[in-house]
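The values are calculated or read from the model by the stated rules, or taken from the named source; none is laboratory data. Keep in mind that what you see is a predicted model, and the values were worked out from it rather than measured. Neighbour counts run over all protein chains shown; Cβ positions are idealised from the backbone, glycine included.
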Amino acid sequence: MATLPTLKPREVLHVLLRTGFYIHHQRGSHARLFHKERPELRVTIPIHSRDLPEKTLRRILRQADLTEKEFLKLFRGGTKPRYQQKT
């Protein structure tokens, strides 16, 4: 398992927006993101001022169908992943 850095929710949100997600709606302090090309991908992110717990970040990545390596590459300025249609 790759070691995930301590991140704020807005930093994670920024990375997910670059991968093709968009904010569908926000209710209270939780934003709901949908993917433009893969409608089955839906992610909920808590928008708080404190750091995200590692377990929460891992669950967000699972919802987004991203590996930790892909996420870290994107976070550090890499290119966006190529999503393939699952059949």
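For the stretch 12-26, a tally of residues being exposed (fewer than 14 other Cβ atoms within 10 Å of the Cβ) and closer than 21 Å to PRO53 by Cβ returns 2. Has the stretch 34-43 got any residue that is hydrophobic (A, V, I, L, M, F, W, C) and modelled with pLDDT under 95? Within the stretch 34-43, none of the residues are hydrophobic (A, V, I, L, M, F, W, C) and modelled with pLDDT under 95. Here is a list: ARG18, ARG38, ARG10. Which entry is basic (Lys, Arg), within 18 Å of THR56 (Cα to Cα) and in contact (Cβ under 8 Å) with a residue 12 or more places away in the chain? That would be ARG10, the only listed residue that is basic (Lys, Arg), within 18 Å of THR56 (Cα to Cα) and in contact (Cβ under 8 Å) with a residue 12 or more places away in the chain. The set of residues in the stretch 1-53 that are assigned to a strand (DSSP E or B) and over 10 Å from the mean Cα position of the chain (by Cα) comprises TYR22, ILE23, HIS24, HIS25, GLN26, ARG27, HIS30, ALA31, ARG32, PHE34, HIS35, PRO46. Annotation: of all residues in the stretch 44-87 being basic (Lys, Arg) and within 15 Å of HIS14 (Cα to Cα), the one that is modelled with the lowest pLDDT is LYS80.
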